[in-house]
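As structure tokens, the structure follows; a few thoughts come after it.
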Amino acid sequence: MAAEKAAAANQQLLDSSGKIVAPGAQSQAPAQADASLMDILNELRAMRAEMKEDISNVKKDVDTHTAELKSVGERQTNLETENVILRQKIAHLEDQSRVNNLIVGGVPETPGPETWETTEKKVRESLVTTLQMDQGTVDQLSIDRAQRLGRRVGNNTRVIKVSFSTNKDKMAVLRKARTVKPEAPYFREDFSPSVLDARSKLKPGLLAARGRNQQAFLAHDKLIVQNGENKNVYKYDLDRKEVRAVSHTYEDNIQWPTATPEPQADANHR
């Protein structure tokens, strides 16, 4: 019996690997393991708290950058809007500066240099011979300047820009030209490049409507198509690069193919 007790005592002094350990060491091992686990848990908790803080900071940075990007986007939108308004104002001012002008094409050009006086004299002669205006009425027209546009190349006949002192005189000539409708010389309004571009984009719709025997005409930068009392008005949006309906009261089935820009100062184009 004593031998069995001794064997049990010796067995308790062996560790898991069979080595002899001092009395009391086995009771210290669990405590050390618990302490190690607590250290690990504390480190994990600290890492978790640090990660939460990092994530929170990242979210704050993202929110800040998102707000900044939104602000930049809003400023860009505002600048684009201001740019459109500014271009529209410039186009309007340019149109106003041309309001008393007419473009006259097809008037023979003198070989060599041609003075403004000579050009004006030719224009007045054309008003009498082509538009059949009374000589006395033509003499009363107040013309500030009549000049050829562009540089002369070979035998090309340049168009003439006629600047009248009053819009009344200009409209008197234009109304007569619209009544007589001469082939040459021809008379048209002096439109700005943006208006000429818009009219060139609207011209296919004009031809299409007239091809279906609809009443259609260009008024400045708009196309008007009429069918009895119904009227559709189209305008070319220079910013969106597309034709849009300003007002649409009936279906006219107009297709809008790509148009070739209308030349500004070519005597062979009207």
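The label-point distance for ILE85 and MET47, in a model that sets each label 7 Å from Cα toward Cβ, rounds to 5.8 nm. Cut-off under 29 Å on the C-alpha distance; same-chain residues fewer than 8 positions from LYS70 excluded. Which lysines are left, in chain and number order? List returned: LYS52, LYS59, LYS60, LYS89, LYS241. Modelled this way, with points 7 Å down the Cα-to-C-beta line, the labels at GLU189 and GLN132 are 2.6 nm from one another. FRET efficiency for the ARG244 to MET171 pair, using the beta carbon distance and R₀ = 25 Å, is estimated at 0.30. Can you figure out the FRET efficiency of THR77 with GLU229, using R₀ = 35 Å and their beta-carbon distance, to the nearest 0.05? Calculated transfer efficiency: 0.30.
Every read-out reported here was derived from the displayed coordinates using simple, explicitly stated rules and does not represent laboratory data. Keep in mind that what you see is a predicted model, and the values were worked out from it rather than measured. Cβ atoms come from the backbone with ideal geometry, glycine included; neighbour counts cover every protein chain shown.
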